[in-house]
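A quick write-up on the structure given underneath.
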Amino acid sequence: MGMTLTQKILAHHAGLDQVKAGQLINAKLDIVLGNDITTPVAINEFEKAGFDGVFDKERVAIVLDHFVPNKDIKSATQSKQCREFANKYDILNFYDVGQMGIEHALLPEKGIVTAGDCVIGADSHTCTYGALGAFSTGVGSTDMAAGMATGMAWFKVPAAIRFVLTGSLPERVSGKDLILSIIGRIGVDGALYKSMEFTGPGVASLSMDDRLCICNMAIEAGAKNGIFPVDDVTKAYLAGRSQREPVYYEADPDAEYEQTIEIDLSGLEPTVSYPHLPENTHPASEGGSIRIDQVVIGSCTNGRLEDMEAAYNILKGRHIAKGVRGIIIPATMAVYKECILRGWTEAFIDAGCIVSTPTCGPCLGGYMGILAEGERCVSTTNRNFVGRMGHVKSEVYLASPATAAASALTGFITDPRTV
């Protein structure tokens, strides 16, 4: 029996000719990632274990993104610990104030992750890099500590679900709408510890930003990872960007999948996940009676340039509704700068929004947009659990940048095709 794309990558990194679902393996790592929340825990475990060096100073990445610039003494202390560790071991891919970006947007942008890689990160949305044809998954801080020291990690090889995509997305429908609709269809545990592998002729119509968004939210279906095949879109994105030579893998024609789901992209519409689970999806067109207090456009899910452009195309020359707080957060400094150069930042400010430097802040209820009791937010982030963005009696509605921007204009959940 042949291997899936994920299994091919894992077999190579484990030095094996073949692996199968359920098999336990030890695999070599190309990149080990941590942020300002998870890295301090990993450092403590690293030191407790008596490690005195990292396996490769070019293969460890530490990105300060959750509470940077620091919001309080605790976050400042955590960041200081990361800085001292990075200096001690000469970590080359260390990103702090002035260089920072949201980790899962920054690593692809900088070419730190490339096709064929095996990546772990002490953050659940590390699965983002499957968009590049890499195997990437989130781990705990203890596994991060071991990975930094040894360059190895153990995995149980996942089974796979194949998503066969046809057609192309309609206007103002994006990769976010696709992944929300998938999670609504299969549920938050529908791909539990499985690989979500996207194939079919419709893949070619998806931009890299769409693919990064889709893989980012694979974890919200319980998946071990999400992954796309390498095609011309991937190669064009990696060209001149990758810090290392990409390696291209393909699934075997006789690879085994537990399930195959076919999706016609042309039949999708703007989709919103209502509280308090990403699987609670509804068409945006049905949300017109739901009044909102805040909109957040950004995060590792939707803070890239295409996301900013989608918001700009709706907000330019207009003003958000009275009583709505509009918060726009470009995911990296490069995206932030490009928004300024293109005049989008000015348009966002004129529309009544604020524009922040890159941060994860509001997504996890950290800062830069906390909700009070009874408040509602339409957010382009990835989770809407109870209390995710603030008070346990607040509500988060997950949506695309276009839907979020349209909702900001009206003060109610709004289908972006109607504004």
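Some points to look at:
- Across the accessible surface of region 1-62, with the other protein chains kept in place and a 1.4 Å probe, carbon and sulfur atoms take up 46 percent.
- Dipole magnitude (debye, nearest 20) for the chain, charges at Cβ of Lys, Arg, Asp, Glu: 800
- Long-range amide H partners of GLN23 with built H, under 5 Å: VAL157
- Accessible carbon and sulfur surface of region 206-302 relative to its total accessible area, %, 1.4 Å: 44
- Label corresponding to percent of Cα pairs over 40 Å apart when calculated from the structure given, among [x] 23; [y] 12; [z] 36: [y]
- For region 283-333: relative contact order, % (alpha-carbon pairs under 8 angstrom, 6 or more apart): 52
- Summing +1 for each Lys or Arg and -1 for each Asp or Glu among the other residues whose beta-carbon sits under 12 angstrom from that of ASP293 gives +1.
- Farthest toward positive dipole pole in region 84-166 [+1 Lys/Arg, -1 Asp/Glu at C-beta], among ALA115, GLY138, PRO158: PRO158
- Charge context of ASP209, other residues only, Cβ under 12 angstrom, K/R +1, D/E -1: -2
- Between PHE135, PHE198, PHE55, the GNM of the chain built on Cα springs shorter than 10 angstrom shows PHE55 fluctuating the most.
- Relative contact order (%) - the chain, alpha-carbon pairs under 8 angstrom, separation at least six: 18
- Over region 220-259, accessible surface divided per residue gives 55 Å², non-protein components excluded, 1.4 Å probe.
- Binning all Cα-Cα separations of region 1-110 at 5 Å, short to long from zero, yields these whole-percent fractions: 2, 11, 19, 18, 14, 13, 11, 7, 4, 1, 0.
- The mean accessible area for residues of region 162-201, using a 1.4 Å probe and ignoring ligands and nucleic acids, is 36 Å² per residue.
- The dipole here belongs to region 230-382: it is taken about the Cα centre, uses +1 on the Cβ of Lys and Arg and -1 on the Cβ of Asp and Glu, and is about 1220 debye.
- Size of electric dipole in region 320-419: Cβ of Lys, Arg +1 and of Asp, Glu -1, about Cα centre, debye, nearest 20: 120
- Of LYS74/LYS322; LYS110/LYS322; LYS110/LYS224, pairs whose Cα-Cα distance is over 28 Å: LYS74/LYS322; LYS110/LYS322
- Electrostatic tally near ALA255: other residues with Cβ closer than 9 Å to its Cβ, Lys and Arg +1, Asp and Glu -1, net -2.
- The chain - mean residue ellipticity at 222 nm from DSSP helices (-39,500 (n - 2.57) per run, n ≥ 4, rounded to 500): -8500 deg cm²/dmol
- Solvent-accessible area of TYR367 with every protein chain in place, 1.4 Å probe, in Å² to the nearest 10: 40
- Among GLY202, GLY323, GLY226: highest mean-square fluctuation, GNM of the chain, C-alpha pairs under 10 Å: GLY323
- Take region 56-117 with all the other protein chains still there, run a 1.4 Å probe, and you get 39 Å² of accessible area per residue.
The values are calculated or read from the model by the stated rules, or taken from the named source; none is laboratory data. Source: prediction; values computed, not measured. Quick reminder, even Gly has a Cβ in these numbers, built from the backbone with ideal geometry, and neighbours come from all protein chains shown. Note: areas computed on protein heavy atoms with side chains; ligands, DNA, RNA excluded. Shrake-Rupley method; radii C 1.70, N 1.55, O 1.52, S 1.80 Å.
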